[in-house]
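The next block holds one structure in the form of structure tokens; read it before the comments.
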Amino acid sequence: MNIKLSLKNINKIKSDIELVFVKNIKKLSKVEQKLLNKLSFSTKAFDTYFDANTNKFYLACEKQKNEDLKLAVCSAIRAIKKLNIKSVKLSLVQNDKELKIQDLVEGLELGFYEFSRYKSDEKKKKELQIILCAKNSNVAIANLEKELHNARSITSSVNMVRNIVNTPPEDYYPEVMAEDALMIAKNNDLQCLVHGEEYLLENGMNAMFNVGRASRHESKLIHLTYKPKEPKGKIVLVGKGLTYDSGGLSLKSGAGMVSMKCDKSGGSAVLGVMNTLKDLGCEYEVHGIVGAVENMIGGDAYKPDDVLKAKNGKTIEVRNTDAEGRLVLADCLCYAQDEIENIDYIFDYATLTGACIVALGNQTIGTMGHSDKLKAKMQKASNTSGELIGLLPFNRYLPAMLKSGIADIVNSTTSRAAGAITAGLFLDNFVKKENKKKWLHLDIAGAAYSESPWGYNSFGGTGAGVRLTLDFIKNLNK
């Protein structure tokens, strides 16, 4: 998709169709009113109708902002994809209201996305041109161009993350993830360190090492760094990058293993954020840490009953090898805090628990931490980005569920109760005291991947966490 701005009058812009937003049918011409009423066109839903006689594509949209605008535009672009057209024009001012470019671009780009790399009958995709008429805009064209550039940078990274998540494990394993990180670093002038299993062993990262030791693919610890000239603060992002999770010796069911390529969504989200910072002119130093691992079975697999020592010296009794993501994150959190000083914020992202989906559903990111103030900041980012979060509370009674008879803690409790929260409390053991109120755990298990399209998300990966985090950083400047 190619999106550009034009200062020409809307009637002088050449295109196959014009996208017209309908907020109130009575405001249209009598001919248009008669046509749409005959079709039972409703402004209460995101109805669409294409009039081939006038080449106008009508789109119902009562609230022309935020999520409503994104969802409406998504509905339109998906219908337009089915038409044999090459170009669409629309005015930035509709029904006496100026539409935000950010909302338009997200609805267009995220709604237009599809993953068809492995379709044998895939045809060459036709380039669709979107022309935004800025003739009546109250915003200077230079500012509109900047808004368009930033919006496209964000959606491009979200779609990059979707591509990574959707790629099968045979083609996407830890080394490939490391190669992608190096490419992102090269394209954005970032620093990038990639460590292998020898480094993990030498530095006491036994929890992460053991999760990946049965795989034929070497585990990779990835560290990306973005540094502006005069950073206003320091943010650390830690992502679970399980390129595939079989469950290990605590083997998943056959149905449970399907879609486990999505277990790299947390690490992929970190890569997506890091890929966008330079374009947005981020004023904060940001570190992206990804534990890229494949959890497999075999004679060299780690086992239930094993006791592992993490990087900070904590011992972990393995009760379930399918509770592996928290083991990887434990060492990655320790690494981040040992290697990076004076952290202002530290967030981890992981498709960690099915319990989070039970608690919050398939669209909401479970958010946990010790600071109500920090959780409120993330809620604000949720409100501005459109990515939903739900706050799951820690309490003084739950940590007892993680006690082990032979080690410091267990990696999986015997109870199904509070499964998402106890997983977050497990990670709390690997957050230093001085960083407790700077840390948030984001369980993206439900929001990161879906087999049923919802909103402007198609089948598969959604890119969950990218827009949320970028809005969090953006809001810090306000």
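The values are calculated or read from the model by the stated rules, or taken from the named source; none is laboratory data. If you're wondering where the values come from, they're calculated on a predicted model, not measured in any experiment. Quick reminder, even Gly has a Cβ in these numbers, built from the backbone with ideal geometry, and neighbours come from all protein chains shown. The accessibility values were calculated without ligands, DNA or RNA, using every heavy atom of the protein model including side chains. Shrake-Rupley method; radii C 1.70, N 1.55, O 1.52, S 1.80 Å.
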Problem - Principal-axis tilt of helix 372-385 within the chain, Cα atoms, nearest 10 degrees - result: 30
Problem - Among 211-222, 107-118, 44-55, the order from most to least packed when residues are scored by Cβ within 10 Å on average - result: 211-222, 107-118, 44-55
Practice task
Note down the nm distance, to one decimal, between modelled labels 7 Å out along Cα→Cβ at ASN362 and at GLN129.
Solution key: 3.8
Completion exercise
Between ASN188 and LYS119, the two model label points (7 Å from Cα along the beta-carbon direction) sit apart by a distance in nm of 2.9
Practice task
Taking the dipole about the Cα centre of the range 162-270, with the C-beta of Lys and Arg at +1 and of Asp and Glu at -1, give me whichever of LEU201, VAL238, MET183 is farthest to the positive side.
Solution key: VAL238
Exercise for the section: On a 0 to 90° scale, report how tilted helix 419-428 is relative to the longest principal axis of the chain, with both axes built from alpha carbons and the result rounded to the nearest 10. Expected result: 60
Fill in the blank from the handout: Of the convex hull enclosing the alpha-carbon atoms of the chain, the direction-averaged projected area in nm² is 24.0
Problem - Angle in degrees between helix 265-274 and the longest Cα principal axis of the chain, rounded to the nearest 10 - result: 60
Exercise for the section: With label points built 7 Å along Cα→Cβ from the Cα atoms of TYR397 and ASN37, find their separation and express it in nm. Expected result: 6.1
Handout entry: Qualifying aspartates and glutamates (Cα of each under 19 Å from Cα of LYS433; at least 8 residues distant if same chain)
Key = ASP331, ASP338, GLU339, GLU341, ASP344, ASP348, ASP372, ASP408
Problem - Three semi-axes of the equivalent ellipsoid, the range 324-469, Cα gyration tensor, whole Å, largest first - result: 25, 19, 14
Exercise for the section: Identify all lysines with a Cα-Cα distance to LYS14 below 17 Å; exclude those on the same chain that are fewer than 8 residues away in sequence. Expected result: LYS4, LYS56, LYS86, LYS89, LYS135
Fill in the blank from the handout: About its Cα centre, the range 183-321 carries a charge dipole, from +1 on Lys and Arg Cβ atoms and -1 on Asp and Glu Cβ atoms, whose size in debye to the nearest 20 is 220
Fill in the blank from the handout: Protection proxy (average C-beta count within 10 Å per residue), highest first, orders 285-293, 377-385 as 285-293, 377-385
Fill in the blank from the handout: Summing -39500 (n - 2.57) over every DSSP H run of at least 4 in the chain, dividing by its residue total and rounding to the nearest 500, the 222 nm mean residue ellipticity is -10500 deg cm²/dmol
Problem - Per-peptide average of other Cβ atoms within 10 Å, ordering 89-101, 257-269, 17-29 highest first - result: 257-269, 89-101, 17-29
Problem - Charged-residue dipole, Cβ positions (Lys, Arg, Asp, Glu), the chain about Cα centre, Debye nearest 20 - result: 2320
Practice task
Pop out the carbon and sulfur fraction of the accessible area of the range 198-315 as a percent, whole number, probe 1.4 Å.
Solution key: 48
